[in-house]
Structure formats: structure tokens, C-alpha cells
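Engineer: Got a structure here, written out as C-alpha cells. Questions coming.
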Amino acid sequence: TAFSPLPKANARSSTALNMATEVKVGDKIPAVTLSEGQADYGRPEAVDIAELIAGKKVAIFAVPGAFTPGCSKSHLPSFITAQEELKAKGVELTICIATNDAFVMEAWGRTSGGADAGIRFLSDGNAELSKALGLLIESPVMVRTKRFSLIADDGVVTHYFSADMEASDTWAPNVLAKL
């Protein structure tokens with residue numbers, strides 16, 4: 001039925017959700033259309049992630065859910081406060097991704113101060129990017145993106161940070177330490 005649970009898959013298996021293998025250094029970010037919410041509940045705009053990051057050094061981080069405790073108290077704030085340091089290391093754009101819809105992502109960016117800090121909040125509502133990067137996780141509520149961070153230069157992943165060991169491995173201070 002339409003509301004049947006997803007098949008069980010462990011974090012290392014990509015078969016249940018037909019995912020690619022987990023992203024790694026040297027991989028190219030795929031051309032996937034994400035959505036960006038607009039102020040005052042305007043119609044979300046389509047954003048091709050590959051086009052957006054072409055020719056730029058970018059930081060991309062993903063969270064399992066907007067407005068969730070760990071994401072709102074730790075992961076996102078680490079990138080908000082690190083914007084100047086990231087720019088000093090050559091990062092031209094920081095992007096936050098989650099499978100929440102574009103309206104939720106816009107509201108989170110606006111109310112958290114992340115949008116004012118220059119972070120773009122993009123919705124992977126259909127989980128296409130998360131699936132292409134091999135970073136989907138199951139949840140009792142919805143399909144979510146595994147927590148991660150990466151640096152890409154002209155669309156090619158140069159640094160990848162997984163939360164497999166510790167969530168803090170994906171926070172901005174760890175990313176900055178490796179740049």
C-alpha cells in the first residue's frame with residue numbers, strides 16, 4: 001500500500017533503497033534538481049546543484065532534519081559561526097541540505113540566522129541527491145539524509161566527512177582543520 005514501511009536496510013547496504021555507494025573523495029556531485037524556498041511562502045525555485053557549484057569551491061553539509069535538536073543546536077550553528085573562516089580558506093559558498101520540503105528549509109534558514117550568514121538552504125525533498133550520494137537513512141517518519149559534510153571544488157569532492165563515528169566529525173571545526 002501507499003503507506004507501507006520502507007524495506008529495512010543497514011547503513012552499509014545500498015540495495016534496499018537502490019542507492020549508489022557512499023560518496024568519496026574524487027567523486028563528482030551529480031546534476032540533481034533541488035528546491036529552494038522563497039520568502040513569504042513564494043513558489044520554491046528549482047536549483048541544479050551541479051550548475052550552482054560549477055567553478056566554485058563549496059562546503060555542503062546535510063542534516064537528517066531541519067529544526068531537530070542536534071542539527072539546530074550543533075551542526076548548523078557550527079557552520080554559521082565558521083563562515084568567515086571558511087571564506088578565508090577559499091570556500092565561496094556553503095549549502096545546507098535536508099529532505100525536508102523547501103518551505104521548511106527556508107523557514108529554518110531564516111529563523112536560525114543561517115540564511116543571514118550566507119548559507120543556502122536547499123531541499124532534497126525527493127531524496128534524489130541523498131540517494132545518488134549513497135547517503136539515505138531510514139526513519140520512522142520519512143526518508144532522511146545521513147549527516148555529512150563535504151568540500152567540493154568545481155563539482156568534485158575533495159574532502160568528505162562522515163558521521164559514522166561521531167556527529168561532530170561533520171561539524172565546521174573538523175572541516176576547517178582539514179582545509
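Per-residue answers, yes or no, for (1) assigned to a strand (DSSP E or B); (2) under 16 Å from the mean Cα position of the chain (by Cα):
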site	(1), (2)
S130	no, yes
L150	yes, yes
V157	yes, yes
D169	no, yes
L176	no, no
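Engineer: Being in contact with an Asp or Glu (Cβ under 8 Å, 6 or more places away or on another chain), hydroxyl-bearing (S, T, Y) and on the phi < 0 side of the Ramachandran plot narrows it down to one of S78, S112, S74, S35, so name that one.
Structural biologist: S35
Engineer: Within segment 97-108, is there a residue that is under 25 Å from P173 (Cα atoms), part of a strand (DSSP E or B) and in contact (Cβ under 8 Å) with a residue 60 or more places away in the chain?
Structural biologist: Yes, some residue in segment 97-108 is under 25 Å from P173 (Cα atoms), part of a strand (DSSP E or B) and in contact (Cβ under 8 Å) with a residue 60 or more places away in the chain.
Engineer: Here is a further query. Go through (1) of a type outside the set (S, T, N, Q); (2) part of a helix (DSSP H, G or I); (3) under 16 Å from the mean Cα position of the chain (by Cα) one by one and return the number of the condition E84 breaks.
Structural biologist: All conditions pass for E84, except number (3).
Engineer: Take segment 45-73 and flag every residue that is within 22 Å of V23 (Cβ to Cβ) and assigned to a helix (DSSP H, G or I).
Structural biologist: Result: I49, A50, E51, L52, I53, G70, C71.
Engineer: Could you list, in sequence order, the residues of segment 68-113 that are open to solvent by 40 Å² or more (accessible area, probe 1.4 Å), within 21 Å of D154 (Cβ to Cβ) and either of a type in the set (A, V, I, L, M) or touching a Lys or Arg at 6+ places or on another chain (Cβ under 8 Å) (or both)?
Structural biologist: Matches in segment 68-113: A88, E92.
Engineer: For segment 142-151, state whether one or more residues are at pLDDT 90 or above, of a type in the set (V, I, T) and closer than 19 Å to A98 by Cα.
Structural biologist: Within segment 142-151, one or more residues are at pLDDT 90 or above, of a type in the set (V, I, T) and closer than 19 Å to A98 by Cα.
The values are calculated or read from the model by the stated rules, or taken from the named source; none is laboratory data. All values derive from a computational prediction rather than experimental measurement. Using ideal geometry, Cβ is built from the backbone for each residue, glycine included, and neighbour counts are taken over all protein chains shown. These accessible areas exclude ligands, DNA and RNA; they are computed on the full protein's heavy atoms, side chains included. Shrake-Rupley method; radii C 1.70, N 1.55, O 1.52, S 1.80 Å.
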